[in-house]
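To keep things clear, I will list the structure first and then write my remarks on it.
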Amino acid sequence: MNTLTKRPHRGWNLSGDFDQLFDGLLSRFETPDTHIVPPLDIVETKDSYLVKADLPGINRDDLSVSVKEGMLTIEAQTNTENVEKEGETFIRVERRSGKYQRRLRLGKLIDDSAITADYKDGVLTVAIPRREQEEGRRISINVE
């Protein structure tokens, strides 16, 4: 016998709550632990979804967006200068250097051939058009 228990809400759990919210559109976040995970917002419009990712300080040439087998991948590389020079001592280092990566599995109602991306002021915006939902076909029944 199964027992239902109520758990107190402890804030958003991005790997759980968000996946359930967009179940079918973006089914899983898939990012290796060794990469920097850029924060993002997903906005629904009348005919598409907009994914907005913060990638401050990234050069356009170091940024890549791709789609393969229903997986949207955002990748970027940054190298900050963390080398002390003569007469300088780092007091605090918070700017991260390394590879950024975020992977989102797209749902079946996405037109991945028409995805576009824009990068302005450190924000990447990926427009993901929705495909029209196919309606079922009525099948006639033969009477003998």
Self-check item: Candidate set: region 72-82, residues that are of a type outside the set (D, E) and either open to solvent by less than 100 Å² (accessible area, probe 1.4 Å) or touching a helix residue (DSSP H, G or I) at 6+ places or on another chain (Cβ under 6 Å) (or both); chosen: the one farthest from R105 (Cα to Cα)
Solution: N82
Practice problem: Go through region 89-98 and give me each residue that's open to solvent by 80 Å² or more (accessible area, probe 1.4 Å) and in contact (Cβ under 8 Å) with a residue 24 or more places away in the chain. | Solution: R95, R96
Quiz item: Considering only residues of region 26-56 that are acidic (D, E) and at pLDDT below 85, which is farthest from K99 (Cα to Cα)?
Solution: E30
Practice problem: For region 112-131, state whether one or more residues are charged (D, E, K, R), open to solvent by 50 Å² or more (accessible area, probe 1.4 Å) and either under 19 Å from H35 (Cβ atoms) or touching a residue at least 60 places away in the same chain (Cβ under 8 Å) (or both). | Solution: yes
Quiz item: Got a sec? Which of K85, K108 is open to solvent by 40 Å² or more (accessible area, probe 1.4 Å), out of contact with any Phe, Trp or Tyr (no Cβ under 9 Å at 6 or more places or on another chain) and touching a residue at least 40 places away in the same chain (Cβ under 8 Å)?
Solution: K108
Exercise. Pull up region 90-131, narrow it to residues that are in contact with a Leu (Cβ under 8 Å, 6 or more places away or on another chain) and among the acidic types (D, E), then point me to the one that is farthest from I74 (Cα to Cα).
Key: D112
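The values are calculated or read from the model by the stated rules, or taken from the named source; none is laboratory data. Small disclaimer: the values here were computed from a predicted structure and weren't measured. Counting neighbours? That spans all protein chains shown, and the Cβs are built from the backbone with ideal geometry, glycine included. Areas reflect the complete protein model, heavy atoms only, side chains present, ligands, DNA and RNA absent. Shrake-Rupley method; radii C 1.70, N 1.55, O 1.52, S 1.80 Å.
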